[in-house]
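Note sheet for the following structure.
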Amino acid sequence: MVQVVVALISTLGVLAGVALGGVLSARVQTQAWRRQEAERSVQERRRIYADFLAAARVWRATVMSPDVRIIEASTFSAQRHADGADAAISTLRLRMEVGLIAHEADTTARAQTVVVEVRRLAEARAEHPAGQVPDPIIDRCRRAERGFAAAARAELGSPQLDW
């Protein structure tokens, strides 16, 4: 009888060890998978945020060009403005991606501010020749870009930089 109990206890001990090992292994794998997903999310957001900021700067450069076409109205503004063409479309597309992928409302709000300020610059450019747009209008674009970059860095857990 004692031998049966000893055999039963040793068998149950082995089974409990295997079960516990399986549970612990699954937990470690789940944690590793979550870390990988979090890192993938950060990398994807970083890429989209950088692409958005670069597109906004290309849009800004496009509307400041001496060769830019001035149009009466478009999807971007009901007012007369410099045509941002593909750069404006790319910026708007990426602004939508920012809205879909951002984890913080401040990041999307700051992205929208960038779009608004570049649109205002395009409108101002229609009223001023190349190189003559007032500095405060250009400075608002730059501040909006820095604000977006700061919000994106904060969301991604990157340290603040003095821009």
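Numerical summary
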item: Flag for Val58 being surrounded by 13 or more Cβ atoms within 10 Å (Cβ to Cβ), hydrophobic (A, V, I, L, M, F, W, C) and part of a helix (DSSP H, G or I); result: yes
item: Qualifying positions in the stretch 65-84 - touching a helix residue (DSSP H, G or I) at 6+ places or on another chain (Cβ under 7 Å) and either open to solvent by 50 Å² or more (accessible area, probe 1.4 Å) or free of Cβ contacts under 8 Å to residues at least 12 places away in the same chain (or both); result: Ile70, Gln79, Arg80
item: Pairs where the first residue, in the stretch 86-101, is part of a helix (DSSP H, G or I) and the second is among the acidic types (Asp, Glu) and surrounded by 15 or more Cβ atoms within 10 Å (Cβ to Cβ), C-beta under 7 Å, 6+ apart; result: Leu94/Asp51
item: Contacts under 7 angstrom Cβ, first residue in the stretch 125-137 being touching a residue at least 12 places away in the same chain (Cβ under 8 Å), partner open to solvent by 50 Å² or more (accessible area, probe 1.4 Å) and part of a loop (DSSP other than H, G, I, E, B), 6 or more apart; result: Ala126/Arg80; Ala130/Pro66
item: Qualifying residue in the stretch 32-55 (condition: in a helix (DSSP H, G or I), in contact with a Lys or Arg (Cβ under 6 Å, 6 or more places away or on another chain), surrounded by 11 or more Cβ atoms within 10 Å (Cβ to Cβ) and not aliphatic (A, V, I, L, M)); result: no
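For (1) at pLDDT 95 or above; (2) of a type in the set (Val, Ile, Thr); (3) open to solvent by less than 70 Å² (accessible area, probe 1.4 Å); (4) not in a helix (DSSP H, G or I), each residue gets a yes or a no:
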| site | (1), (2), (3), (4) |
| --- | --- |
| Arg125 | yes, no, yes, no |
| Ala130 | no, no, yes, yes |
| Pro136 | yes, no, no, no |
| Glu145 | yes, no, yes, no |
| Phe148 | yes, no, yes, no |
| Ala151 | yes, no, yes, no |
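Here is a yes/no grid of residues against (1) modelled with pLDDT of 80 or more; (2) among the hydrophobic types (A, V, I, L, M, F, W, C):
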site: Arg34; (1), (2): no, no
site: Glu37; (1), (2): no, no
site: Leu53; (1), (2): yes, yes
site: Thr62; (1), (2): yes, no
site: Asp67; (1), (2): yes, no
site: Ser74; (1), (2): yes, no
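The values are calculated or read from the model by the stated rules, or taken from the named source; none is laboratory data. Computed from a prediction, not measured in an experiment: that's the story for all the values here. Note that we place each Cβ from the backbone using ideal geometry, even for glycine, and neighbour counts take in every protein chain shown. These accessible areas exclude ligands, DNA and RNA; they are computed on the full protein's heavy atoms, side chains included. Shrake-Rupley method; radii C 1.70, N 1.55, O 1.52, S 1.80 Å.
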